[in-house]
Amino acid sequence: MQWRGRRESRNVEDRRGMTTAGAGGMGIVGVLVVLAVGYFFGIDISPIMGSMDQGQQTGETRELTPEEQEIGQFVSVVLADTEEVWTRVLPEQAGVQYVEPTLVMFSGAVQSACGGASAAMGPFYCPNDQKLYLDTDFFTIMQQKMGAGGDFAYAYVVAHEVGHHVQNLLGVLGETMKLRQQVGEADANRISVLTELQADCFAGVWGRNANEQFGTIEDGDIEEAINAAAAVGDDTLMQQAGRAVRPESFTHGSSADRMTWFKRGFDSGQIAQCNTFKEAGL
């Protein structure tokens with residue numbers, strides 16, 4: 001992916017220089033409670049990470065490493081690309097004006113308008129403040145523990161969370177949160193899966209339009225994104241954690257489904273092709 005020297009977004013909050021300490025904050029259990037009412041749409045990577053710091057952010061600061069500064073620039077460029085694509089595509093295809101979200105980069109733990117979260121929950125979107133939250137160490141985890149490295153794989157992660165923001169602007173998130181509170185656990189999980197698969201499809205829509213608009217995709221980039229989609233499938237994460245694969249407990253979708261819906265969005269470039277709910281009979 002060609003990203004160096006390109007426009008960076010102004011809608012970035014970098015909190016990575018804030019240190020964490022202690023075992024405070026909401027922690028994993030608290031975040032799971034929040035998940036139950038449908039606020040967070042993160043990837044629970046705690047089973048493959050073992051123990052992780054769940055501390056609170058303190059007022060102390062530290063200097064970012066050169067590597068952290070570079071990945072921050074990369075994330076900012078990707079966010080800028082999503083802004084330009086969705087500002088054009090959303091009104092054209094859905095008649096809705098795009099409102100740019102803010103992306104918060106953090107380390108270890110973070111507070112949002114949806115509550116506190118640990119990095120073990122992975123990237124997430126909070127509709128209450130229209131912000132994306134990303135611990136950029138997640139990219140290292142993708143490469144070292146998931147076998148899903150590569151700049152376009154990381155761009156897919158950002159684009160997926162932006163996809164949730166698009167869902168919020170379209171009114172999809174509000175409807176799914178209401179539905180999940182009215183049904184049992186199995187049906188709530190099914191709705192969550194459909195929500196995540198649509199965000200994957202929207203990430204594909206972004207990828208197709210970004211390539212047509214900027215010509216920045218290189219050989220192997222799409223394969224990187226598809227591989228990343230497979231790596232964060234519920235079945236794959238369960239297998240890596242040594243758990244039995246239980247489809248009824250999926251909240252994000254299988255690796256095969258996540259790859260399929262990303263590719264569907266990329267191949268079509270059309271929001272209308274991403275109606276996972278209609279295809280599921282809802």
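Values in this text are rule-based calculations from the coordinates and carry no lab data. In this text the structure is predicted, and so the values were computed from the model without any measurement. Note that we place each Cβ from the backbone using ideal geometry, even for glycine, and neighbour counts take in every protein chain shown.
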If I model a spin label as a point 7 Å beyond the Cα along the Cα-Cβ vector, how far apart are those points for residue 10 and residue 273 in nm?
3.4 nm
Give the separation of the Cα centroids, region 174-220 to region 70-124, in Å.
14 Å
